[in-house]
Amino acid sequence: MAIRVPKVRLIDEEGNQLGMIDTREAMNKAREAGLDLVEVAANTDPPVCRIMDYSRYKYEQEKKRKQAKKKQHVVHIKEVRFKARIEEHDYQVKLRRIKEFLEKKDKVRISLRFRGREITHKELARELFEKIAGDVSSLGEMESEPKMLGRTLSMTIIPKS
């Protein structure tokens, strides 16, 4: 893209300010150096331009962005489903999975779907959820209290920071 102003404030490749220079003269200096003339601050009067290797600059910016992305952790929401009447061994297996998710710093949604007449025994489900919350209290804490959505009771547990 062309620089359309008559004069620019020029910065050379070492970072030295060369002052206010005619735009054509600045382009010639950049061409002599074998580099690009890049407008770095367009909103100032006059605009600030720098002599630099633009493709190398873009490459370094992309490299920094990828490095930052590598270090971040995306939080996923994992779901574990329970039944109202669950045996102890099944409970322990699901509890182990919940702990694994929390150790990986993922949120866990625990849901329990009532089938048939089970819905009349909501207190059993609430006791089960309290037991789960107590068993994982060292790794996570409840983000939301158990809520009924239709025939499903669910709650969310977030990892401790």
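Applying the set (1) loosely packed, with under 12 Cβ neighbours inside 10 Å; (2) acidic (Asp, Glu); (3) modelled with pLDDT under 90 to residue 39 leaves exactly one unmet item: (1).
When 75, 80, 93 are screened for being hydrophobic (A, V, I, L, M, F, W, C) and part of a loop (DSSP other than H, G, I, E, B), only 75 passes. Could you check, for the range 118-134, whether at least one of its residues is at positive phi and in a helix (DSSP H, G or I)? No: the range 118-134 contains no residue that is at positive phi and in a helix (DSSP H, G or I).
Is it true that residue 31 is assigned to a helix (DSSP H, G or I), surrounded by fewer than 12 Cβ atoms within 10 Å (Cβ to Cβ) and either free of Cβ contacts under 8 Å to residues at least 12 places away in the same chain or not charged (D, E, K, R) (or both)? In short, no.
Evaluation of residue 66 against the conditions (1) among the basic types (Lys, Arg); (2) assigned to a strand (DSSP E or B); (3) loosely packed, with under 11 Cβ neighbours inside 10 Å shows that the sole unmet condition is (2).
If only one of 86, 110 is touching a Ser or Thr at 6+ places or on another chain (Cβ under 9 Å), assigned by TED's automatic domain parsing to the domain that holds residue 134, under 16 Å from residue 129 (Cα atoms) and of a type in the set (A, V, I, L, M, F, W, C), which one is it?
Working: 86 fails: touching a Ser or Thr at 6+ places or on another chain (Cβ under 9 Å).
Only one candidate qualifies: 110.
The values are calculated or read from the model by the stated rules, or taken from the named source; none is laboratory data. Because the structure is predicted, anything quoted here is derived from the model rather than measured. Positions of Cβ are backbone-derived with ideal geometry, glycine not excepted, and every protein chain shown enters the neighbour counts.
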